[in-house]
Amino acid sequence: MLKKLSFIHLLSMPIGMLVAAILATSPAHAATSDWADNQGGRMRLVALAPDAQGHIRAALQIEPAPGWITYWREPGESGIPPQVSPAPDSGVALAKMSFPVPRPITVGAIQEIGYDAPVTLPLDFRVEGKQPAKLELTAFIGLCKDICIPFQAELSLPLSSAGQSTSHEQALLNAADSALPQAPAPDFAVERHTLSADAKTLSLRLTLPEASGDAPLVYVTGPAGYVFFKQANGRRDGKSFATDIAIGKLPKNYDIKGKSWGILVIDGEHAMETTLAFE
């Protein structure tokens, strides 16, 4: 069973300090799309103008209605992961979509992973060829309460560098980046990972940032559409933590050799994300 832990929700991080820092620098050109509304919430697109290398820093801003939830990149035992697709032949490609630290959500006997508060998903776009006049995309998310509603919207905004220049959008993007898990560090890392011969158990040894506390949350993302988080034999010894993660049914004839899986570890107020390589 997934243990419920007490940790500060990074999604609600105050941005006052970020805004102060931004106001001390030259503002970037930015724009936001109109909100697309649904009975379960709303979403919109925010983006800075392309830089000299054709990089577009953007984000999908999602605000679930009170009592509703939306999902992480792997939603758990049910749910719909967010999807963002640039318009075909638009000259823009999505290079990366990032996810702030999620929280475990229990719905009856179902364990889900997501957000029950406003969340902003950082997006990294690249211009391929001539810069288009607009950033146009389709966003598809799931919003759930008593029922789950697929929510799809066409979002667009101008990419002209002569557009409106405000600190608000850049502060929003910076706050979203600050809510992302950290990269591995000497005091927070995966020291060892071993998959059993029958591919049923992933054994982990972690270095954690704190010497005491409850067992951390561990989410292992395998093939697309698969997430594993049920722990057994957890042992915390100071900053060292060992646990076994139950690996459910994998795709038929799946060969893990040469593959890389993702792992997110949440230990109290700290979160770290990295990959696990299998030789």
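So what are the ³J(HN,Hα) numbers for the stretch 200-208, from phi and the Karplus equation (6.51, -1.76, 1.60; θ = phi - 60°), rounded to whole Hz, Gly and Pro as x?
These are the phi-based 3J(HN,Hα) values: 9, 9, 9, 8, 10, 10, 10, 9, 9 Hz.
How much net charge surrounds residue 153 when only other residues with a Cβ under 12 Å from its Cβ are counted (Lys, Arg +1; Asp, Glu -1)?
Once positives and negatives cancel, what remains is -2.
Checking the table 96/257; 96/145; 134/257; 145/239 against a 31 Å threshold on Cα-Cα, which pairs fail?
Beyond 31 Å between Cα atoms: 134/257; 145/239.
Across the stretch 247-264, in residue order, what do the Karplus-derived ³J(HN,Hα) couplings come to in whole Hz, using 6.51 cos²θ - 1.76 cosθ + 1.60 with θ = phi - 60° and x for Gly and Pro?
Calculated HN-Hα couplings, in order: 9, x, 5, 9, x, 4, 6, 5, 10, 7, 4, x, 8, 10, 10, x, 9, 10 Hz.
So for each of 200-208, 256-264 I average, over its residues, the number of other beta carbons within 10 Å; can you give me the resulting order with the highest mean first?
Working: 200-208: 18.2, 256-264: 15.0.
Top of the packing list down: 200-208, 256-264.
Residue farthest toward the positive end of the dipole of the chain, with Cβ of Lys/Arg at +1 and Asp/Glu at -1: which of 79, 38, 152?
Farthest towards the positive end: 79.
What aspartates and glutamates does residue 130 reach when the alpha-carbon gap must be under 19 Å and sequence neighbours fewer than 8 apart in one chain are set aside?
Excluding near neighbours in sequence, the set is 51, 89.
How far, in nm, would the chain grow between residue 85 and residue 149 when pulled straight, counting 0.36 nm per residue and subtracting the alpha carbon separation? Walk me through the intermediate numbers first.
Values: separation 64, 0.36 × 64 = 23.04 nm, distance 1.90 nm.
The residue 85-residue 149 span can extend by a further 21.1 nm.
What does the stretch 189-277 give for Rg and for Dmax, in Å, if only its C-alpha atoms count?
Cα-based Rg and Dmax for the stretch 189-277 come out at 12.9, 41 Å.
Divide by every residue of the chain the summed helix terms, -39500 (n - 2.57) for each DSSP H run of at least 4, and state the resulting mean residue ellipticity at 222 nm, rounded to the nearest 500 deg cm²/dmol. All intermediate terms of the calculation are to be shown ahead of the outcome.
Values: 2 runs with 20 residues, N = 279.
Taken over the chain, the calculation gives -2000 deg cm²/dmol.
Using a basic spin-label model with each label point 7 Å from the Cα along Cα→Cβ, how many nm lie between residue 178 and residue 239?
If labels sit at residue 178 and residue 239, their model points lie 2.5 nm apart.
Order of 234-242, 139-147 by packing, highest average Cβ count within 10 Å first? Don't jump to the answer; show the numbers that get you there.
Numbers: 234-242: 14.3, 139-147: 18.0.
Packing proxy ranking, top to bottom: 139-147, 234-242.
With θ set to phi - 60°, apply the Karplus curve 6.51 cos²θ - 1.76 cosθ + 1.60 along the stretch 210-222 and write out the HN-Hα couplings as whole Hz, x wherever there is a Gly or Pro.
After applying 6.51 cos²θ - 1.76 cosθ + 1.60, I find 10, 7, 9, x, 6, 5, x, 6, 10, 10, 10, 9, x Hz.
Once amide H atoms are placed 1.01 Å from N in the peptide plane, what residues at a sequence separation of 5 or more from residue 65, or on another chain, have their amide H within under 5 Å of its amide H?
It is 41, 42, by chain and number.
Every read-out reported here was derived from the displayed coordinates using simple, explicitly stated rules and does not represent laboratory data. Quick caveat, the model's predicted, so the values are computed rather than measured. Reconstructed Cβ throughout: ideal geometry from the backbone, glycine too, with neighbour counts over all protein chains shown.
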